[in-house]
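Only one structure is covered here, and it is reproduced in the block below.
The values are calculated or read from the model by the stated rules, or taken from the named source; none is laboratory data. Everything numeric here is computed off the predicted structure, so don't read it as measured data. Don't worry about glycine lacking a Cβ; one is built from the backbone with ideal geometry, like all the others, and counts go over all protein chains shown.
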Amino acid sequence: MFLLTTIGPFCFLLLTLKNVQGKFVLTADTDLSDKFRDTESVQVYHMLSDQEVYEDGTINGNIHIQVTGVGFWSPGTDNKIALTFEPRSSKLQLLPKIDTSDPSFQRLIWDNYAAVYCDTDVDSNLWTSLTYMGTMGGSVFTHILSYAKQYGRTHHYYLPFSIYDHYPGTNYVPAYSSDEFVWGIFEEMSQLVTEQLHPMIVPKKLKFMFFAQQQPQLVDTAMVPQANKLVLDHFMAVKRCLHTRNLERLSTLMEFTTYYSRCLEDIAYIFKDQNQYYRIYLSTNIAGDIKESEGMPVKESSRSGYTWFDIVLIMLFGFGTLGGTYLGMRKTGVIEHIRMLPKKEKKRPKLVYNGIGGPIIEMTEPSPSPSGHLIEDLNFAGLYGNAKRTDNFRSVI
C-alpha cells in the first residue's frame, strides 16, 4: 500500500495520453465510454491545486483559491481523466456589482458562473498534491460520470459559503464548490465499490461557514420588490464597509472571509441564483473557516448497522447454541433431574405431609368449602398406601 501511495501519484502525473483532448466543460452529451473498460482496474486520486483567479467586483484583483478534483488512472491502458468543479474563465465574484446607471432602479450583477470540467491531459504543473484514495472497476466510472453531469446541470454558480447552525452540526445550505463536488463523488463511490475508500492520509476539506439561528429563508427578489430593496441595501452597506479597509492586502479566500464577516450585522444574504437569496438570521457575525480531515463516506448498510443477512446469521447461531445446550443436558441426564413444579396459586404455598409409614403426600391448601367444615373436605383413602390426597393440610393436623 505504501509503495502504491508514493509511486502511484508520480506515475499518474508523468505519463501522457496517446489521444489528447485537453480540458473541456462536461455536458450531457460528453461520451467517455472508450476510456475505461468495465473489467479494468482504475485508481482514484484526490487532487489539489492552488489556483489564482481574478475577483471582479470587490477586491478587483487576483485572489488564490483552493481547487480540488478527482483523478482516475488506468495503469493498464494509461488513460487518465480528471473531474473538477471550478469558476469559468478563471474569474470569481464574491460580492455583486451594483448597477447604478438607472437611479430609479438599481440592481445587482453577479458573474460567478462555474461548471464541471473534464481534463484528459492532466498537467503535472497544475496539481501540487495527489492522494491515492483506492481502486475501482471501470464499470463504476459510468456512474461517477452520470453524477458529475447531474452536478453540472444543477449547479451553475461557484458559491464557497455554507450555512450551519454550528459546526459540526446541521448544514442548512451546502456550498457549491470544488471540495463539495469532490466529496460528493467519494460519497457516490462508497455506495458502488466493494472495497471502501481507505487513504493512508485523509485529504483536508476547506469550508467557509456562516452560522444561523434557524433555517434560512429563501427570498425571491424578482417576485417581491420590497425584498429586492432589502438585499440591495444589505450589499451596498457591506461594500461601503469593505472599501474602508485595505482590500489590496487580501490574497486568499480565507482572508477575504475574515474581512467580510466583520462587516456583517444581525442579518446576511447569501446568493443562490440571479434572483434568489438566502436570508440568514445570524447567531454570530463572525464567519468561520476550517480546514480539516472529515470521515470517509461509508456504505449505507454499514452506516445503518446490521444487514438482514447479519440478523439471520445471528438468529441461526443463537438457536444453534440453545439447541446444542439442550441436547447436551439431555445426554448428561440433567434434564431428568429438573423437576417442573406446577404453577403456584397466589398466596397458597405448597405443603408436604409425610404420612406415618406411608409415602410423601403433596397437599395444597384450597379455598374453604361452602360448608365451612374443613374436615368435610378430606378426600383420601387413608394415611397408608399410595392414595392421592387433595385436602386441607390443617384438617389433617
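The table below lists the values:
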quantity	calculated
Region 125-139 residues that are not assigned by TED's automatic domain parsing to the domain that holds Ser49, paired with ones that are assigned to a loop (DSSP other than H, G, I, E, B) (beta carbon under 9 Å, 6 or more apart)	none
Qualifying residues in region 82-116 (those that are of a type in the set (Phe, Trp, Tyr) and either out of contact with any Asp or Glu (no Cβ under 9 Å at 6 or more places or on another chain) or not in a strand (DSSP E or B) (or both)) - the one nearest to Gln150 (Cα to Cα)	Tyr113
Only one of Asn285, Asn275 that is modelled with pLDDT of 75 or more, in contact with a strand residue (DSSP E or B) (Cβ under 7 Å, 6 or more places away or on another chain) and not aliphatic (A, V, I, L, M)	Asn275
Extreme residue, farthest from Glu187 (Cα to Cα), among residues of region 63-114 that are out of contact with any Ser or Thr (no Cβ under 9 Å at 6 or more places or on another chain) and of a type in the set (Gly, Ala, Ser)	Ser104
Residue in region 210-227 that is in contact with a helix residue (DSSP H, G or I) (Cβ under 9 Å, 6 or more places away or on another chain), surrounded by fewer than 18 Cβ atoms within 10 Å (Cβ to Cβ) and under 28 Å from Thr252 (Cα atoms) present	no
Residue in region 200-210 that is of a type in the set (A, V, I, L, M), under 16 Å from the mean Cα position of the chain (by Cα) and at pLDDT below 95 present	yes
Residue among Val20, Val53 that is assigned to a loop (DSSP other than H, G, I, E, B) and modelled with pLDDT under 90	Val20
Filtered residue count, region 113-124, keeping only those that are loosely packed, with under 15 Cβ neighbours inside 10 Å and either touching a residue at least 60 places away in the same chain (Cβ under 8 Å) or farther than 18 Å from Glu180 by Cβ (or both)	3
Matching option when the condition is in contact with a Gly (Cβ under 9 Å, 6 or more places away or on another chain) and at pLDDT 90 or above, among Leu83, Leu145, Leu159, Leu95	Leu83
Region 61-112, subset hydroxyl-bearing (Ser, Thr, Tyr) and buried (at least 22 other Cβ atoms within 10 Å of the Cβ), residue farthest from Pro203 (Cα to Cα)	Thr84
Sole residue being under 24 Å from Ile59 (Cα atoms) and among the small types (Gly, Ala, Ser), chosen from Ser190, Ser261	Ser261
Residue in region 244-255 that is surrounded by 12 or more Cβ atoms within 10 Å (Cβ to Cβ), assigned to a loop (DSSP other than H, G, I, E, B), in contact with a Cys (Cβ under 9 Å, 6 or more places away or on another chain) and in the same structural domain as Leu94 (by TED's automatic domain parsing) present	yes
Any pair with Cβ under 6 angstrom, 6 or more apart, that starts in region 308-320 at a residue that is at pLDDT 75 or above and surrounded by 11 or more Cβ atoms within 10 Å (Cβ to Cβ) and ends at one that is part of a helix (DSSP H, G or I) and not β-branched (Val, Ile, Thr)	none
Lone unmet requirement of (1) in contact with a strand residue (DSSP E or B) (Cβ under 9 Å, 6 or more places away or on another chain); (2) of a type in the set (Asp, Glu); (3) without any contact (Cβ under 8 Å) to a residue 12 or more places away in the chain for Asp233	(1)
